[in-house]
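The structure appears right after this line, and notes come after that.
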Amino acid sequence: MGRFAPSPTGPLHLGSLVAAVASYLQAKTHGGRWIVRVEDIDPPREQPGATEDILQTLRDFGFIWDEEPGLQSRSRPAHESALQTLIDAELAYPCGCSRRQLVGAPRGPLGTIYPGTCRDGCSSTETAIRIRTTDQLVAFDDGLQGRVGQHLESESGDFIIRRRDGLIAYHLAVVVDDELQGITEILRGIDLMDSTPRQIWLQRLLGYRTPNYLHIPVITHANGDKLSKLTGAPGIRADDAPAMLVAALRGLRQEPPANLGQAALEEIWAWAIENWHIESLCGVKAIPVHECLDSNPSNGLA
């Protein structure tokens, strides 16, 4: 079982299309099921209408899901139950530290390393909840990037699983939902690979299975920045669907025929499923957007 899990913070762009295409092809070529889960658990960042826009775009590009798309927010009771389980087992604790209080804390590749200030108690009335970590190596074998591991306590410290505003944090929500939905393989961008050891840590503490992971390269602008909403990536449009679908296949290094972008969507998908070779992405971490596009792009992405 595979999944595509977009956040409703704006329209899909070429980078998100690449991730959706890869997860879809990986599931379909291995006889698996594929679902869409909209990760709508951060209302302050969401855009009105983005969820339906994303789902309609996927329909327009010919994606076929194996069950009705779900909203992560509907799993809130399960998120809260998992949180309480961790608190009751003393694996998680309240933390009243503000960002200002942590300004002087050491920093590592994952950001601020939490120094454990509230591990032994907290008097603040407004708190987040952090998960306890240890410095044992949390490692996994990524299907494309090889062996990956982190010593959580020294590289990130105890991390937040419920925010100060009461919202469940991404790491806990995604772990609970993947378990509930029976996800067995997670294919996503390499920009999320540093999150995986933290999610595996939560899976172990909650007694969950650990899915297989494959982290694909991100699509980048000419300056090396990841293609994203924050870096000005334009939304993809239904009238560009065949050309953009073929662009995604180029970004995934599948070497589609030069004239495939002139074919119907059904033909493009048939070719893609028959010719899917994920091995071409082994060890690749980034692909410039110009490698995705034809010689005369008109979409402003280059």
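The values are calculated or read from the model by the stated rules, or taken from the named source; none is laboratory data. Treat the numbers as computed from the prediction; the structure is a model and nothing was measured. A quick note on method: Cβ atoms are made from the backbone with ideal geometry, for glycine too, and the neighbour counts reach across all protein chains shown.
Scan region 13-28 for residues that are touching a Ser or Thr at 6+ places or on another chain (Cβ under 8 Å) and either modelled with pLDDT under 95 or surrounded by fewer than 24 Cβ atoms within 10 Å (Cβ to Cβ) (or both) and report the count.
Going through region 13-28 one residue at a time, the tally reaches 1.
Tally time: how many residues in region 143-180 are surrounded by fewer than 17 Cβ atoms within 10 Å (Cβ to Cβ) and more than 30 Å from Thr117 (Cα to Cα)?
The qualifying residues number 3.
Among Ala258, Ala241, Ala222, Ala233, which is outside the structural domain of Ala89 (by TED's automatic domain parsing) and either closer than 30 Å to Thr133 by Cβ or in a helix (DSSP H, G or I) (or both)?
Residue meeting the stated conditions: Ala241.
Which residues, taken from region 246-260, are surrounded by fewer than 20 Cβ atoms within 10 Å (Cβ to Cβ) and touching a helix residue (DSSP H, G or I) at 6+ places or on another chain (Cβ under 6 Å)?
Result: Arg253, Pro256, Leu260.
Among the residues of region 86-106, are any assigned by TED's automatic domain parsing to the domain that holds Leu265, touching a residue at least 24 places away in the same chain (Cβ under 8 Å), small (Gly, Ala, Ser) and not in a loop (DSSP other than H, G, I, E, B)?
No, every residue in region 86-106 fails to be assigned by TED's automatic domain parsing to the domain that holds Leu265, touching a residue at least 24 places away in the same chain (Cβ under 8 Å), small (Gly, Ala, Ser) and not in a loop (DSSP other than H, G, I, E, B).
Step by step: first the residues of region 261-282, then only those that are buried (at least 19 other Cβ atoms within 10 Å of the Cβ) and over 22 Å from the mean Cα position of the chain (by Cα), then the one that is modelled with the lowest pLDDT. Which residue is that?
So, considering only residues that are buried (at least 19 other Cβ atoms within 10 Å of the Cβ) and over 22 Å from the mean Cα position of the chain (by Cα), the one modelled with the lowest pLDDT is Gly261.
Can you name the residue in region 59-86 that is surrounded by 16 or more Cβ atoms within 10 Å (Cβ to Cβ) and of a type in the set (A, V, I, L, M, F, W, C) and, of all such residues, is farthest from Ala263 (Cα to Cα)?
Only one residue fits best here, namely Leu86.
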